[in-house]
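One structure is given here, and the rest of the page talks about it.
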Amino acid sequence: MIAFFSDYDNMHGNCTAAVGCSDENIGDQYNYGEVEVSGFEFSAGRTFATDAAQFPVKLTYTYTDSEFKNTFDSEIWGSVEKGDAMPYVPENQVALSLGAEFASFVVNSQIRYVSDSHADLSDSGLNAIDSRVVWDLAAKYLIDDNQKVYLTVDNLFDKMYIANRANGGIQPGKPRSIQMGYTYSF
């Protein structure tokens, strides 16, 4: 278990092409004022074993509380009142990993939950970032000591979700992505 606390006196951000800013905004800096971010993270895991296989299980939970310590107007987030939560900071996140490891075959999955958050501080609700559950899967087959083939599927059920609403509109989360490969170790 770990606890954290960050106290920012003058948080600021830069508008870059990497975050989706348009050409006329690139290089702009934004002052976010005084912010406190605190919380804790808990992680526990165990591997259950039989003669034929191992079954690792891991659970991680993160709680985050964020709060603006001053009132100001923001070009990005609108009118910010003292006590408002920071945009894009979900309060709860949970990850559950489950696996099965046999002599030549390994499969692992991870289910991730992220609670809702908001992209700006308007009362309209139009800029909410809804909660989501995303499931990933990975498998590998060991051909011999030097060779393996693998398959990974991120966002197994192709959950559509909004990851960001800043700088140019809705930016979706990662769609289902499949990778297959072969590795050889010398």
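Return yes or no: is Thr16 out of contact with any strand residue (DSSP E or B) (no Cβ under 9 Å at 6 or more places or on another chain) and open to solvent by 70 Å² or more (accessible area, probe 1.4 Å)?
Judged against the criteria, Thr16 is not a match.
Given the conditions (1) among the β-branched types (Val, Ile, Thr); (2) modelled with pLDDT under 95; (3) out of contact with any Leu (no Cβ under 7 Å at 6 or more places or on another chain); (4) crowded, with 16+ Cβ neighbours inside 10 Å, and given that Thr71 satisfies all but one, which numbered condition is not satisfied?
Checking Thr71 against (1) among the β-branched types (Val, Ile, Thr); (2) modelled with pLDDT under 95; (3) out of contact with any Leu (no Cβ under 7 Å at 6 or more places or on another chain); (4) crowded, with 16+ Cβ neighbours inside 10 Å, the one that fails is (4).
Within region 89-104, count every residue that is open to solvent by less than 40 Å² (accessible area, probe 1.4 Å), assigned to a strand (DSSP E or B) and either among the basic types (Lys, Arg) or out of contact with any Phe, Trp or Tyr (no Cβ under 8 Å at 6 or more places or on another chain) (or both).
1
If Thr50 satisfies every condition in (1) of a type outside the set (Asp, Glu); (2) free of Cβ contacts under 8 Å to residues at least 40 places away in the same chain; (3) more than 30 Å from Asp144 (Cα to Cα); (4) surrounded by fewer than 14 Cβ atoms within 10 Å (Cβ to Cβ) but one, which is the exception?
The single condition Thr50 does not satisfy is (3).
Under 8 Å between Cβ atoms, which residue pairs at least 6 apart in sequence (or on different chains) link something in region 107-121 that is farther than 15 Å from Tyr32 by Cβ and outside any loop (DSSP other than H, G, I, E, B) with a partner that is open to solvent by 20 Å² or more (accessible area, probe 1.4 Å) and of a type in the set (Phe, Trp, Tyr)?
Partner pairs satisfying both residue conditions: Ser109/Trp135; Gln110/Trp135; Ile111/Trp135; Arg112/Trp135; Ser117/Tyr88.
Determine whether region 150-163 contains at least one residue that is touching an Asp or Glu at 6+ places or on another chain (Cβ under 9 Å), modelled with pLDDT under 90, in a strand (DSSP E or B) and surrounded by 12 or more Cβ atoms within 10 Å (Cβ to Cβ).
yes
From Gly83, Gly33, Gly78, Gly27, which residue is modelled with pLDDT under 95, farther than 23 Å from His118 by Cα and open to solvent by less than 60 Å² (accessible area, probe 1.4 Å)?
Gly27
The values are calculated or read from the model by the stated rules, or taken from the named source; none is laboratory data. As the structure is a prediction and not an experimental result, all values here were calculated from the model. In this analysis, Cβ positions are derived from the backbone assuming ideal geometry, glycine residues included, and neighbour counts consider all displayed protein chains. Remember, those area values only see protein heavy atoms, side chains included, never the ligands or the DNA or RNA. Shrake-Rupley method; radii C 1.70, N 1.55, O 1.52, S 1.80 Å.
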